[in-house]
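Reading through the structure tokens given below for one structure.
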Amino acid sequence: METTTSPLKKYQRQPKLFVDLPSKGVWYDQNLVTKFEDLEVYSMTASDEIAIKTPDALFSGNTVKSIIENCIPAVKDAWCISSVDLDFLLASIRLASYGESISIKKACGSCENEDTYAYPLQNILDHLQNAEPSWVISSQGFTFRLRPLSYKEIVENNQSNMKISRALRKIVSTFKDDDPEQGNQVDALYEELNEKTKEAVCKIIVDVVTPDGNTESNINFIKDFLLNDADPAIFKDIQAQFIKNNEAFALPKTEVECSECGFKSHILPELDYSNFFSNS
């Protein structure tokens, strides 16, 4: 009689580490992220490693989504992962898969000697765990409650911005001063870029409390108010907080020294996922 259980099952992956989400579970549906403390983190599989070598899959976000869900079982839908937790989880998976550091090559700014440095992944985890963004902002008597973007929204924003940037580069490479049509195309693309910026800022608003104590949570009403009726300083204040929060989660630099001349500089990992998840 043929058995339905393989003896190989007892050798399947085991968790390599356990982590707590920096967000502490705020903004999540518990059906999509089942717990927020002591999340098991597994190493990537051979299938994951093959998948990350496909640039188009990384661009769509589907491969990273699949890797997160495969390596962190508590995450049932990685599209909902917020920007507060995203890089933290990716760094945790990298650590579980390949060890405590990531190799970064850097040419010396003084003598041009190239060294390879080990950037400790724990630096990323500690920094992101202790970041202190602000999700409430007051402006002109209004109080706005904010939220981070989800991974799905980040991917969509990146895709839109990349398409616009590619279109601009294509036009600029053949630009002629006496071609009004090209000028109109450039203006249209910059206008589209501005619209995407407005959308990204408005998306992070959960609700607003007016000076007389009323609350509005309809994003369409809030967006119309901010862009068409309110003092422009209010939108600028929200945008500034959006930028400040992003900066709070920017990866920390590490000081290094050239092995040849002793010149000191800094290294910073680039979260190009095809490189970040390679075994180097």
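The values are calculated or read from the model by the stated rules, or taken from the named source; none is laboratory data. Since the model is a prediction, treat every value here as computed from it, not as a measurement. Note that we place each Cβ from the backbone using ideal geometry, even for glycine, and neighbour counts take in every protein chain shown.
Couple of notes before you dig in:
- Inter-residue pairs, beta-carbon under 9 Å, first within 12 Å of SER138 (Cα to Cα) and in the stretch 226-239, second exposed (fewer than 12 other Cβ atoms within 10 Å of the Cβ), 6+ apart: ALA233/GLN140; ILE234/GLN140; ASP237/SER138; ASP237/GLN140
- Summed over the stretch 231-272, the residues that are hydroxyl-bearing (Ser, Thr, Tyr) and not in a loop (DSSP other than H, G, I, E, B) give a count of 2.
- Strands (runs of 3 or more DSSP E) contained in the stretch 66-145 and holding at least 2 residues under 22 Å from the mean Cα position of the chain (by Cα) and of a type outside the set (A, V, I, L, M, F, W, C): 101-107, 114-120
- Any hit, the stretch 25-32, residues being buried (at least 18 other Cβ atoms within 10 Å of the Cβ), in a loop (DSSP other than H, G, I, E, B) and modelled with pLDDT under 90: no
- Among the residues of the stretch 91-116, the one identified as within 21 Å of VAL41 (Cα to Cα) and of a type in the set (Asp, Glu) is GLU100.
- Given (1) without any contact (Cβ under 8 Å) to a residue 24 or more places away in the chain; (2) outside any loop (DSSP other than H, G, I, E, B); (3) more than 14 Å from GLN239 (Cβ to Cβ), number of the condition GLY213 does not satisfy: (2)
- The condition (being surrounded by fewer than 16 Cβ atoms within 10 Å (Cβ to Cβ), modelled with pLDDT of 80 or more, among the acidic types (Asp, Glu) and more than 29 Å from ASN218 (Cα to Cα)) is satisfied by just one residue among ASP179, ASP187: ASP187.
- Considering the conditions (1) more than 25 Å from ALA118 (Cβ to Cβ); (2) buried (at least 21 other Cβ atoms within 10 Å of the Cβ); (3) in contact with a helix residue (DSSP H, G or I) (Cβ under 6 Å, 6 or more places away or on another chain); (4) modelled with pLDDT of 95 or more, CYS71 is excluded by exactly one of them, (1).
- Failed condition for GLU153, given (1) in a helix (DSSP H, G or I); (2) in contact with an Asp or Glu (Cβ under 8 Å, 6 or more places away or on another chain): (2)
- Of the residues making up the stretch 105-144, just one is in contact with a strand residue (DSSP E or B) (Cβ under 6 Å, 6 or more places away or on another chain), in contact (Cβ under 8 Å) with a residue 24 or more places away in the chain and loosely packed, with under 13 Cβ neighbours inside 10 Å, namely GLY109.
- Residues considered: LYS264, LYS236. Of these, the only one that is out of contact with any Ser or Thr (no Cβ under 7 Å at 6 or more places or on another chain), modelled with pLDDT of 95 or more, closer than 30 Å to CYS108 by Cβ and not polar (S, T, N, Q) is LYS264.
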